[in-house]
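Asker: The structure is given below, and queries will be raised subsequently.
The values are calculated or read from the model by the stated rules, or taken from the named source; none is laboratory data. Just so it is clear, the structure is predicted and the values come from calculations on it, not from any experiment. Note: ideal-geometry Cβ built from the backbone for every residue, glycine included; neighbour counts use all protein chains shown.
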Amino acid sequence: MVHESEATSRQASSHTPERAMAPIRWPHPGGATLGLVGVWVVGMLVAVFVPAVVVPPTSTQAETGPVLVAFGFTLVGAAIMVAAGWLLHRRHDEPLAWAFGVVPGLTVVIGGIIMVATKLAVS
């Protein structure tokens, strides 16, 4: 036989108090979204670091061939970044995802143009 005090304590422990505000549930990105962000990062690495390996930023003179190859890598990396932003935009119907690819892509292309101009002008 269960005592009355035990029954009321069990009943009280099973009752959860009401909350004034619902718990906040932050959205978690899916695997495909994280994969596209990873592709964007790879594009950034191709656009910025590979050209720096081909033509070191500290070099004052460079031949035309390696400079154009480095600029080609910049264009490929920028295209990867823009494509990842476009796919994120298509997936989530979010215009800022498109800007996530276009703005940095244009920035590295402009930086690549400046690199080509300075490396070839000094030569």
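Asker: Note down all Cβ pairs under 7 Å where the first residue falls in segment 102-123 and is within 14 Å of residue 52 (Cα to Cα), the second is outside any helix (DSSP H, G or I), and they're at least six residues apart or on different chains.
Answerer: 119/55; 119/62
Asker: Tell me which helices (runs of 4 or more DSSP H) are completely within segment 20-123 and hold 2 or more residues being among the hydroxyl-bearing types (Ser, Thr, Tyr) and either in contact with a strand residue (DSSP E or B) (Cβ under 9 Å, 6 or more places away or on another chain) or surrounded by fewer than 19 Cβ atoms within 10 Å (Cβ to Cβ) (or both), or say none if there are none.
Answerer: 95-122
Asker: Now for a separate question. Among the listed residues 77, 65, identify the single one that is at pLDDT 80 or above and under 23 Å from residue 106 (Cβ atoms).
Answerer: 77
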